[in-house]
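Data block below; observations after.
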Amino acid sequence: MITNHLKIAWRTMLKRKAFSSINIFGLAIGLAIFTLITLFVLDELSYDRFHENASRIYRINTNIKVNGTGFNDRSTPAPMSSVLLSDFPQVEKAVRVYGGGDMLVKKGDETLVENDVFFADSTLFSVFTIPMLVGNPRTALSGTNSMVISATIAKKYFNSLDVLGKSLQVDNGTNYTITGVIEDIRAQSHFHFSFIRSMGGEQASRSDFWLSNSFNTYVLLRDGVDQATLDSYLKQTAQKYAEPQLMEAAKTTIAELEKKGDYFRYSSIPLTDIHLKSELSELEPAGNIQYVYISAIIGLIILIIACINFMNLSTAQSAGRAKEVGVRKVIGSGRQNLVRQFLTESLLTAVVAFVISGFLAAGLLPLLNKLAGKEIILLDWSHLWLLPALLGVALICGLLAGAYPAFVLSAFDPVQILKGKFVLNIKGYKLRNALVVFQFTTAIILITGTLVIYSQLNYIRSKDLGYNREQVLVLQNARALGGHLETFKNEILNLPGVIAGSVTNNLPTTTANDWNKNAYSANAAMSASEIQTLVDWSADADYIPALQIKMLKGRNFSKDMATDSTAVIINETAVRLFGFKDPLNEKLYDFDSGSGTQTQYHIVGVVKDFNAGSLRNVTEPLLIRNVKTGGRLILRVKSNDIAQLIAQIRDRYRSFEGMSSQPFRYSFLDEDFDNLYHGEQRTGGMFITFAALAIFIACLGLFGLASYSAEQRTKEIGIRKVLGASVNGIIGLLSRDFIALVGIAIVLAVPVSWWAMNQWLNNFAYRIEIDWLVFVISGLTAVAIALFAVSFKAITAALANPVKSLRSE
């Protein structure tokens with residue numbers, strides 16, 4: 001019996017190839033997209049969970065606010081880890097990680113630039129689960145110049161994992177002995193180590209200064225110790241160790257700060273929350289838990305839309321089989337047999353859709369990885385549960401879709417069916433209409449979201465930032481020139497096509513976490529009520545002209561004035577912060593508690609506020625000190641042959657002694673600026689892709705309902721045509737109801753999308769206001785798409801010969 005049902009189901013599917021293909025393909029797309037989004041969500045939620053003790057590992061953050069200015073930092077003072085271990089036995093292990101930048105590594109006669117370079121304490125491998133392939137994890141980082149490398153690096157430099165005792169020369173001089181090789185850290189980690197240098201050789205690691213933060217500190221708590229307990233320890237630590245130095249530098253206590261609404265504290269964040277829930281600038285681009293939730297909801301909605309369409313199309317198809325049911329019942333087929341037949345057909349269709357969805361998911365996975373910047377694989381042992389889950393979803397859809405013909409049609413009187421009295425009106429199906437409204441409401445929200453995201457990104461690209469980022473070449477490895485840097489800069493400035501150049505450590509395209517921030521006061525006493533936290537940059541006298549930053553008052557640094565060694569330039573925000581009426585020649589003071597020295601600076605100029613970093617943040621008070629050395633050389637260029645100019649600069653760079661093997665690294669400032677918004681660009685790409693798929697699947701649903709409506713109103717259309725109705729009139733008749741449903745969807749989608757996108761835009765300090773045209777465009781797009789989806793069936797019905805539809809009458 002089962003075999004017979006399957007044969008009939010297969011023949012029925014082949015008989016209506018076009019209809020079956022649309023039905024199967026629609027469900028397959030929904031299942032495939034749901035699969036991919038589920039994999040994306042699982043990947044985001046799995047960050048750092050591969051560590052055996054992940055639930056007990058926390059990172060310590062620093063939060064400081066004085067007189068309304070301050071910072072939140074993922075780093076802590078050097079002594080934090082040792083103090084927590086000595087004072088609180090509930091802290092089982094602690095480790096400091098420092099760095100995260102790049103390093104020069106010598107390979108034969110060539111010098112390469114390597115990324116993901118860190119310093120770490122010897123306890124690194126007892127806190128984190130990082131399998132060591134070669135070496136002893138307990139002692140690997142104990143030596144002064146010892147280094148642990150990843151398996152990829154070992155193969156790159158030695159073509160082997162047997163590297164213990166071998167050495168690498170780094171940063172043009174220091175030799176490190178390799179004491180271990182680790183597995184490449186999984187992609188789902190908020191940090192990735194290629195080189196881990198021992199912390200023992202770093203003088204700063206032995207500092208007892210609590211007012212400087214340079215080390216990422218992680219702690220492993222003992223079983224049963226919660227985060228609230230750890231935070232109470234951190235409060236005690238701040239009061240016992242940091243407060244005395246705070247008193248010395250700012251003449252205030254933590255309690256006095258808190259009375260004014262300020263604070264000086266340390267906080268913790270669970271390791272597993274860093275990737276998605278941290279609000280700080282992380283070592284690597286972080287995710288966003290809100291985007292994960294949104295992606296999960298969109299994936300579920302697309303699956304629901306696909307299932308709705310599958311049921312709608314199956315129902316529309318079954319309505320045309322009423323006479324078949326009547327004939328079957330007349331010749332003796334029982335109701336149970338009919339139920340099994342219809343359910344078998346629907347389940348077979350669902351299973352075929354499930355199989356096809358697997359191939360679609362495999363084909364679309366590279367697109368998802370490109371949009372999300374990931375390396376997700378489809379067949380992962382940890383995700384095998386997805387296969388039966390998705391098959392279960394497909395089978396449930398099949399059961400629901402087959403339930404209508406199985407239990408409704410099979411219950412009708414065959415005599416009534418064969419007399420043609422089986423008539424159903426689509427207007428009576430309020431649930432169907434509600435589902436169509438739901439589909440298009442979702443699609444319109446996605447369209448609106450896409451338009452708003454791209455409008456905001458376009459606003460960011462076109463906004464006047466206060467500096468000119470166009471045609472600015474940035475040489476990254478300028479520090480390697482050492483004493484030749486100034487000579488090299490002057491030679492480059494003489495090249496045709498080079499307009500200006502400056503040596504600096506700071507660029508306006510770096511993130512806030514890369515900026516140095518220091519406390520300054522307009523009073524030498526540096527009392528707590530007068531201290532302000534400023535972004536502290538260093539650059540030479542050519543920096544402001546090179547970036548075309550506007551000078552509002554005073555002058556730029558002068559190369560001819562010896563007193564300018566202590567000159568500073570501040571921005572408008574800093575002027576307002578200190579309340580200077582005339583900032584020129586005002587004094588600013590800082591204090592180095594480590595050395596016990598105070599430095600006096602004098603203000604020589606004020607620049608117009610310019611937007612440094614991301615436009616998510618407001619312009620911060622900024623101070624630029626006059627320093628002639630730095631790690632970067634910025635060059636404003638103007639040439640019809642940029643490639644040739646870069647080649648000339650590279651040749652000059654390598655012409656200096658010892659520079660022939662040095663890497664020549666450069667970027668353009670406008671490209672660096674675009675990199676600040678990779679997250680938004682990826683979100684925009686995913687939104688437009690999801691919107692297109694949701695619209696496509698919704699169109700299949702409309703096509704199904706249009707087909708159903710046309711079949712149920714065949715005789716009505718025939719009569720109308722016989723009585724003189726035009727083709728346009730018939731098309732309007734069949735389209736009117738669906739356009740009304742889309743209109744309802746527009747009314748529902750507008751307030752929801754307005755609220756949702758305003759919430760997203762609130763993440764930016766500088767943002768667009770949502771224009772009403774966005775909703776008009778979204779609505780008209782939805783209407784046009786609906787008309788396109790319905791028009792094919794409407795035109796077919798309107799052009800049909802009325803004689804055929806009225807023949808039985």
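The values are calculated or read from the model by the stated rules, or taken from the named source; none is laboratory data. Please read these numbers as outputs of a predicted model, since none were measured by experiment. Reconstructed Cβ throughout: ideal geometry from the backbone, glycine too, with neighbour counts over all protein chains shown. Remember, those area values only see protein heavy atoms, side chains included, never the ligands or the DNA or RNA. Shrake-Rupley method; radii C 1.70, N 1.55, O 1.52, S 1.80 Å.
Which Cα, out of Gln169, Ser198, Val134, lies furthest along the positive dipole direction of segment 124-260 (beta carbon charges, K/R +1, D/E -1)?
Final value for the positive-end residue is Gln169.
Give me, ordered by chain and number, the residues 5 or more places off Ser122 or on other chains with an amide H under 5 Å from its own placed amide H.
Met199
Just to make sure I understand: if all protein chains stay in place, what is the order of Arg654, Arg197, Arg59, Arg206 by accessible area at 1.4 Å, largest first? Spell out each step's value before the answer.
Numbers: Arg654 95, Arg197 25, Arg59 0, Arg206 135 Å².
Sorted by accessible area, descending: Arg206, Arg654, Arg197, Arg59.
Can you work out the accessible area per residue across segment 145-232, with the rest of the protein chains kept in place, probe 1.4 Å, in square angstrom?
On the way: 3760 Å² over 88 residues.
I get 43 Å² per residue for this part.
For segment 566-699, what number results from the quotient of the Cα radius of gyration and 2.2 N^0.38 Å?
The reported ratio for this selection is 1.63.
Determine the principal axes of the Cα atoms in segment 184-244, then give the extent along each, sorted from largest to smallest and rounded to whole angstroms.
40, 34, 16
Given the pairs Lys259/Lys587; Lys581/Lys608; Lys559/Lys638; Lys65/Lys251, which span a C-alpha to C-alpha distance of over 23 angstrom in this model?
Violating the 23 Å limit, Cα to Cα: Lys259/Lys587; Lys559/Lys638.
Net charge within 15 Å of Thr450 by Cβ-Cβ distance, Lys/Arg positive one each and Asp/Glu negative one each, not counting Thr450 itself?
-1
Report the extension gain between Leu552 and Asp380 in nm, rounded to one decimal, defined as 0.36 nm multiplied by the number of residues separating them, less their alpha carbon distance.
56.0 nm
At a Förster radius of 51 Å, what calculated FRET efficiency corresponds to the Cβ-Cβ distance of Ala692 and Ala524, to the nearest 0.05?
Details: r = 64 Å, r/R0 = 1.25.
The calculated FRET efficiency here is 0.20.
Provide the convex hull volume over Cα atoms per residue for segment 91-212, in Å³.
Working: hull volume 14.6 nm³, N = 122.
Hull volume normalised by residue count: 119 Å³.
Convex hull over the alpha-carbon atoms of segment 443-585: what's its volume per residue in Å³?
Working: hull volume 28.9 nm³, N = 143.
Spread over its residues, the Cα hull of segment 443-585 gives 202 Å³ apiece.
Residues of segment 529-568 with backbone nitrogen within less than 20 Å of a virtual label 7 Å along the Cα-to-Cβ line of Asp464, please, listed as ranges.
Within reach of a label on Asp464: 544-554.
Take Ile777 and Asp208, extend 7 Å from each Cα along the Cα→Cβ direction, and tell me the distance between the two endpoints in nm.
About 6.3 nm separates the two model spin labels.
Cα centroids of segment 37-74 and segment 548-567: how far apart, whole angstrom?
Here the answer is 41 Å between Cα centres.
If packing is taken as the average number of other Cβ atoms within 10 Å across a peptide's residues, how do 291-300, 33-42 rank, most packed first? Please report the intermediate quantities before stating the final value.
Working: 291-300: 17.5, 33-42: 22.2.
Highest to lowest by the protection proxy: 33-42, 291-300.
What is the sum of charges, Lys and Arg at +1 and Asp and Glu at -1, for the other residues whose Cβ falls under 9 Å from the Cβ of Val113? Could you put the intermediate results ahead of the total?
On the way: positive: Arg665; negative: Asp102, Glu114.
Result for the local shell: -1.
Apply the Karplus parameterisation 6.51 cos²θ - 1.76 cosθ + 1.60, with θ equal to phi minus 60°, to every residue of segment 128-143 and state each ³J(HN,Hα) to the nearest whole Hz, in sequence, with x for glycine and proline.
9, 8, 10, x, 9, 7, 9, x, 9, x, 6, 10, 4, 10, 7, x
What is the distance, in nm, between label points placed 7 Å from the Cα along the Cα-to-Cβ direction at Arg654 and at Val41?
Result for the modelled spin labels: 5.2 nm.
Under 12 Å from the Cβ of Pro621, count the other residues' Cβ atoms, weight Lys and Arg +1, Asp and Glu -1, and hand me the total.
-2
Leu645 accessible area, nearest 10 Å², 1.4 Å probe?
Surface open to solvent at Leu645 totals about 10 Å².
Under the Karplus relation 6.51 cos²θ - 1.76 cosθ + 1.60, θ = phi - 60°, what is the ordered set of whole-Hz ³J(HN,Hα) values for segment 553-561, x standing for Gly and Pro?
Going residue by residue, I get 9, x, 9, 7, 4, 10, 6, 9, 10 Hz, with x marking Gly and Pro.
How big is segment 467-511 in terms of Cα radius of gyration and Dmax, in angstroms?
Computed over the Cα atoms of segment 467-511, radius of gyration and Dmax are 11.5, 33 Å.
Tell me the label-point distance for the pair Ala255, Ile642, using the 7 Å Cα-to-Cβ offset, in nm and rounded to one decimal.
Between Ala255 and Ile642, the label points sit 6.0 nm apart.
Evaluated at 25 °C with a viscosity of 0.890 mPa s, what Stokes-Einstein diffusion coefficient in µm²/s does segment 174-314 have when Rh comes from the Kirkwood expression over alpha-carbon pairs?
Once the numbers are plugged in, D ends up at 121 µm²/s.
When you count, for each residue, the other Cβ atoms within 10 Å and take the mean per peptide, how do 148-160, 73-85 rank with the highest first?
Result, highest mean Cβ count within 10 Å first: 73-85, 148-160.
For His602, project a label point 7 Å along Cα to C-beta. Then give me every residue of segment 558-576 with its amide nitrogen under 16 Å of that point.
Residues 558-570 qualify, since their backbone N sits under 16 Å from the label point.
Determine which residues of segment 663-698 fall in the zone a paramagnetic label at Glu110 would reach in this model, i.e. backbone nitrogen under 15 Å from the point 7 Å along Cα→Cβ.
Backbone N within reach: 663-665.
By per-residue mean of other Cβ atoms within 10 Å, what is the highest-first order of 445-453, 113-121, 256-264?
Ranked by mean Cβ neighbours within 10 Å, highest first: 445-453, 113-121, 256-264.
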